[in-house]
Amino acid sequence: MTVLKYIKLVVLCLLFSPLYAGKGEVLADFSVWKSEFREVAGDCGISSDTLDKYLDNISLQKRLIKVSKRQPEFSKPIWSYVDSAVSSKRIRKGRKLLAKHSDLLKKITEQYGVSGEYIIAIWGLETGYGSNFGRSSILNALATLAYGSTRKEFFQKELCAAFRLLQNEKIDESQFKGSWAGAMGHMQFMPSTFEKYAVDFDNDGRKDLWNNLSDSFASAANYLKDSGWDMGRDWAVEVKLPEKFALSLSEPTTWLTVKEWADLDVTYADGRPLNLDEEDARLYLPAGRQGPAFLSFRNFQVLKEYNNSESYVLSVGYLAHRIRGGHELVSEWPRKDEALSLTQKKDVQFLLTVLGYEPGAIDGRVGDNTRQALRNWQGDIGVPQDGYINEDVMILLK
Ligand code: CA
C-alpha cells in the first residue's frame, strides 16, 4: 500500500470510529423531549388521557444510550454463533417441548400453516424457551432510545405503538417489560409487530405474549404466515459443490431452480443427487468456499422478516431441522479462521472503495453490498468469488 493510501485509510478509520460517532451532538433535556413528544403523540393515535397516565412517570435510562451506541470491536464468527444457538442442550430441550406442546402446535399448524418445530426453534433462540424475557420497562427503554439513540425515528414509532398497546389492549402495565431494545414476551415482539400480528388464540379476550403460550406461539405463526411462509417447503438444505464451480453464483440475487443447480453438479452434502420439488433456490455460503454450502429457499427469506440477521435465520432453520430429528451438518466450518475485528472489516471496505468497487458505507458491517464488491474484485483478480472476508483476503487486498 502506498503512503498516501495508508494515510487515507487511517483518516477514514478515525472518522468512522465509535469515538467520533455522535460527538458534538448536544442532547436536549429529557423533559423538553417529553413535551415535544406530547405534541406529536396525537398524530400517532395516542389520547391525552393515555399520555397523562404514563408520560410523566417515564424515566431516562442513561445506561441504555451507551449500550445502544456500542459497537463491539470483535464479533463472533458464524460458527460460534451457531454452536451456541444450536447447542445439544437446546436441541434436546426443544424436542421435549415439541412433544409436550404437540396438541397446541397441531392446532396452530392447521390454522396458520407453520410446523411446530419452527415455532419452538424461534422460541428457543428468542428467549431460551421462555426463560429470559428481559426486565426493562418498555416505555422507559423506548422513550430513552427515541430521545438519545442513533435510531431515534425507529424507536419513536415503536414508542407510539407501545402507548397504543397500553391504550387499546388489555395489558397490565406492571408486566409491560422486555429487552433493552423494546422486544417483548416469549417471542420477543416489538410493539409494532405486536399490533400487526399478535392474536388471542385461546379466545380469553386478551393477547397475552408474556403468560400465554397459545397466544405467543400463534402470534409467531401468524407473523410467518403473513410474511409468506410455505409449509410445503423447507428453509434450506446443505449441499456439496463440485471441485470446479463458478462461486460468483453465490451472489444473493441469483435464484435458480433446484434442477438448474443439479445440472451444475450441485448434490446433497453426502453426494447423493438432489431430489427435490422444482423450486427456486439460492446458493448460500455463510463461511465462503471452505465452510458448509446451502441451497436456501423462499422460507429462508421469510425468516429474515422475523430477524434480518442471516446468522439468526441459519440458526433458527438448523435448530428446527435438528429438533425434528435431522442430522448434523456434514461439512466442517473453517474454524482456524480468526474473526476479523471491526477495524479490520472497515479496512477491507475502505480498500475495496479505493480500488473502485462499491462496498457501501465503511461501517464494519459486512452485508450484501460488501460481499458483492468483494466478489467483483475476486473475479477481476482471478480467485474464487465466494465473497467471504477473512484474514487472507485482507492481506491480498493490501
Ligand atoms: Ca388469549
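Just so you know, all these numbers are worked out from the coordinates, no wet-lab data involved. These numbers were taken from a predicted model, which means no experiment stands behind them. Ideal geometry is used to build each Cβ from the backbone, glycine not excepted, and the neighbour counts take in all protein chains shown.
Annotations for the structure displayed:
- Computed on the chain, the Cα convex hull volume stands at 153 Å³ per residue.
- Part-to-part distance (alpha-carbon centres) for region 379-398 and region 113-145, which is given in Å: 38 Å
- Take each peptide in 316-324, 107-115, 382-390, 236-244, count the other Cβ atoms within 10 Å of every residue, and average; sorted highest first, the result is 316-324, 382-390, 107-115, 236-244.
- Karplus-derived 3J(HN,Hα) values for region 293-309, using 6.51 cos²θ - 1.76 cosθ + 1.60 with θ = phi - 60°, are 10, 10, 9, 10, 10, 4, 4, 4, 5, 5, 4, 5, 5, 5, 8, 6, 7 Hz; glycine and proline are entered as x.
- Cα-projected label distance for TYR268 with ASP52, points at 7 Å along beta-carbon direction, nm: 6.7 nm
- Cα gyration tensor, region 274-398 - rounded (a/c under 1.5), prolate or oblate: prolate
- Listed peptides 42-51, 298-307 by packing density, highest first (mean Cβ within 10 Å): 298-307, 42-51
- Rg/Rh ratio calculated on Cα atoms of region 48-181 (Kirkwood radius): 1.05
- For a straight C-alpha distance cut-off of 17 angstrom, the lysines reachable from LYS157 (same-chain residues fewer than eight places away being disregarded) are LYS34, LYS196.
- Region 170-182 - phi-based ³J(HN,Hα) in whole Hz, Karplus 6.51/-1.76/1.60, Gly and Pro as x: 7, 10, 6, 4, 5, 9, 7, 10, x, 6, 5, 9, x
- Semi-axis lengths, Å, region 246-307, gyration tensor of Cα atoms, sqrt of 5 times eigenvalues: 18, 15, 11
- Values of log10 I(q)/I(0), in the order q = 0.17, 0.19, 0.20, 0.27 Å⁻¹, for region 163-229 under a Debye, Cα-only, solvent-free model: -0.54, -0.68, -0.75, -1.35
- Shape class of region 75-120 from the alpha-carbon gyration tensor: oblate, with a/c at 1.5 or above and b/c at least as large as a/b.
- Over the chain, relative contact order from alpha-carbon pairs under 8 Å, at least 6 apart, %: 16 percent
- Cross-link reach list, aspartates and glutamates versus LYS69, counting only Cα pairs under 17 Å and skipping chain neighbours closer than eight places: GLU25, GLU153, ASP363
- Annotation: Cα Rg of region 342-397 relative to the compact-globule expectation 2.2 N^0.38 Å equals 0.95.
- Sequence-separation-based contact order of region 264-398, relative, with Cα cut under 8 Å and 6+ spacing, percent: 19 percent
- Kirkwood Rh (inverse of mean 1/r, distinct Cα pairs), region 119-254, angstrom: 16.8 Å
- Sequence-distant contacts, meaning Cα pairs under 8 Å at least 6 residues apart, place the relative contact order of region 30-150 at 40 percent.
- Near ALA293, the amide H atoms lying under 5 Å from its own belong to VAL239; only residues 5 or more places off or on other chains count, and H is placed 1.01 Å from N.
- More than 17 Å apart - percent of Cα-Cα pairs taken over region 176-273: 64 percent
- Inter-label distance for LYS106 and LYS69, nm, one decimal - labels placed 7 Å from Cα along Cα-to-Cβ: 5.5 nm
- Inter-part distance where region 315-350 and region 280-302 are each reduced to a Cα centre, Å: 12 Å
- Extended-chain gain in nm, criterion 0.36 nm per residue less alpha-carbon gap, ALA99 and ASN168: 21.3 nm
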